[in-house]
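Asks: For reference, the structure I am asking about is given below.
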Amino acid sequence: MKYRHACHAGNFADVMKHVALVATLDRLMQKNRPLFLLDTHAGRGRYDLGSRGKASEAGRGILKLAAAPAKLPEPVTRYLALVRAFNGGAEGPLREYPGSPLLAAMLLRPQDRAAFCELQPVETEHLRGELCGNTRFAVHCRDGFEALGALLPPAASRGLAMIDPPYEAQEADFTRVAEALVAASARWPQGVLMAWYPIKVGAVSARLHRRLIDAGMRRLLVAELCVHPDDSRAGLNGSGLVILEPPWQLDRDLREALPALHRLFSPDGAGRTRVAMIAGE
């Protein structure tokens, strides 16, 4: 694999994805029953921001958010507070960025469990070092798509599976994500399934949505944040999520959060946001 997330950590897509992850876990934890989290493409967990300037991806993402003077919606404030806590709680410049495993580890309760999968051995060892000694969290050096079949359904009936591959092969990866969502939904119908995808060509993500609708997914929420027009040549135009069986009021959280992020990350107004139930209620 050529992809290394360290180059992109803290960019606008990470911010959008992790705001949604934190909001989803918060909604699930409104009930006291234990939950299980499966992160299929976990990465190393901790990323250095010390040398990132304003023109970097993080500079146009989390660092820009951290310096924003405006009042932010509660879901964004909640996420930003976790990132600041990861940096010791200081209000100054952020030195490090927590990936999804370490954000989740900050949130999950004593009764909750998690499995983090990462295919690259070096990244896996970094993550094991971060979570060393915490018996509630398992770190696997394995293919995340294979883990969906092996680790679901979990002993805890409630929880979240997060699918976040690198999309090195665009069309093939979109197809694989759709197939994985359909299969995981059949194995764990009460689980929340969340898959991230890049928006580089708008028609590609639209085909993902259609595959899931045609497969009969019962409740399907789409959330998208684009900082460029869908089909521009900027590279990464936007960040999208499909969420099967979203928890109650998660759509409201994202409708509050995404317009605020769009105003910050696209001050000229290019691009768009979208939060919509495209199947089910």
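The values are calculated or read from the model by the stated rules, or taken from the named source; none is laboratory data. Keep in mind the model is a prediction, meaning the values are calculated, not measured. A quick note on method: Cβ atoms are made from the backbone with ideal geometry, for glycine too, and the neighbour counts reach across all protein chains shown.
Asks: Sort out which residues of the stretch 210-252 are surrounded by fewer than 16 Cβ atoms within 10 Å (Cβ to Cβ) and either farther than 26 Å from GLY61 by Cα or modelled with pLDDT of 95 or more (or both), and write them in order of number.
Replies: ARG210, ILE213, ASP214, GLY216, ARG218, ARG219, TRP248, GLN249, ARG252
Asks: When both residues are 6+ apart or on different chains and their Cβ atoms are under 9 Å apart, which pairs have a first residue that lies in the stretch 102-121 and is under 19 Å from ALA147 (Cα atoms), and a second that is hydroxyl-bearing (Ser, Thr, Tyr) and assigned to a helix (DSSP H, G or I)?
Replies: Within 9 Å, the pairs are PHE116/SER100; PHE116/THR124; CYS117/THR124; GLU118/THR124.
Asks: Considering only the stretch 225-281, how many residues are out of contact with any strand residue (DSSP E or B) (no Cβ under 7 Å at 6 or more places or on another chain) and small (Gly, Ala, Ser)?
Replies: So the answer is 8.
Asks: Output the residues belonging to the stretch 107-147 that are of a type in the set (S, T, N, Q) and either surrounded by fewer than 14 Cβ atoms within 10 Å (Cβ to Cβ) or at positive phi (or both).
Replies: GLN111, ASN134, THR135, listed by residue number.
Asks: Taking only pairs six or more apart or across chains, which ones have beta-carbon atoms under 7 Å, a first residue in the stretch 131-158 that is under 21 Å from GLN190 (Cβ atoms), and a second residue that is surrounded by 15 or more Cβ atoms within 10 Å (Cβ to Cβ) and of a type in the set (Phe, Trp, Tyr)?
Replies: What qualifies is LEU152/TRP188; PRO153/TRP188; PRO154/PHE36; ALA156/PHE36.
Asks: Would you mind finding the one in LEU152, LEU127, LEU103 that is over 22 Å from ASP26 (Cα atoms) and at pLDDT 95 or above? If you could, list the steps in order and put the result at the bottom.
Replies: Details: LEU152 fails: over 22 Å from ASP26 (Cα atoms); LEU103 fails: over 22 Å from ASP26 (Cα atoms).
When all the criteria are applied, what remains is LEU127.
Asks: If you scan the stretch 184-237, which residues turn out to be in contact (Cβ under 8 Å) with a residue 60 or more places away in the chain and closer than 19 Å to ASP14 by Cα?
Replies: Selection gives MET194, TRP196, PRO198, ALA223, LEU225, VAL227, LEU236.
Asks: Within the stretch 165-204, how many residues are among the charged types (D, E, K, R) and in contact with a Lys or Arg (Cβ under 7 Å, 6 or more places away or on another chain)?
Replies: So the count comes out to 1.
Asks: Let me ask something else. Could you run through the stretch 71-82 and say how many residues are in contact with a helix residue (DSSP H, G or I) (Cβ under 8 Å, 6 or more places away or on another chain) and free of Cβ contacts under 8 Å to residues at least 60 places away in the same chain?
Replies: 2
Asks: Still on this structure, please answer the following. Report those helices (runs of 4 or more DSSP H) wholly inside the stretch 1-101 carrying at least 1 residues which are over 18 Å from the mean Cα position of the chain (by Cα).
Replies: Per the criteria, 62-66, 74-86.
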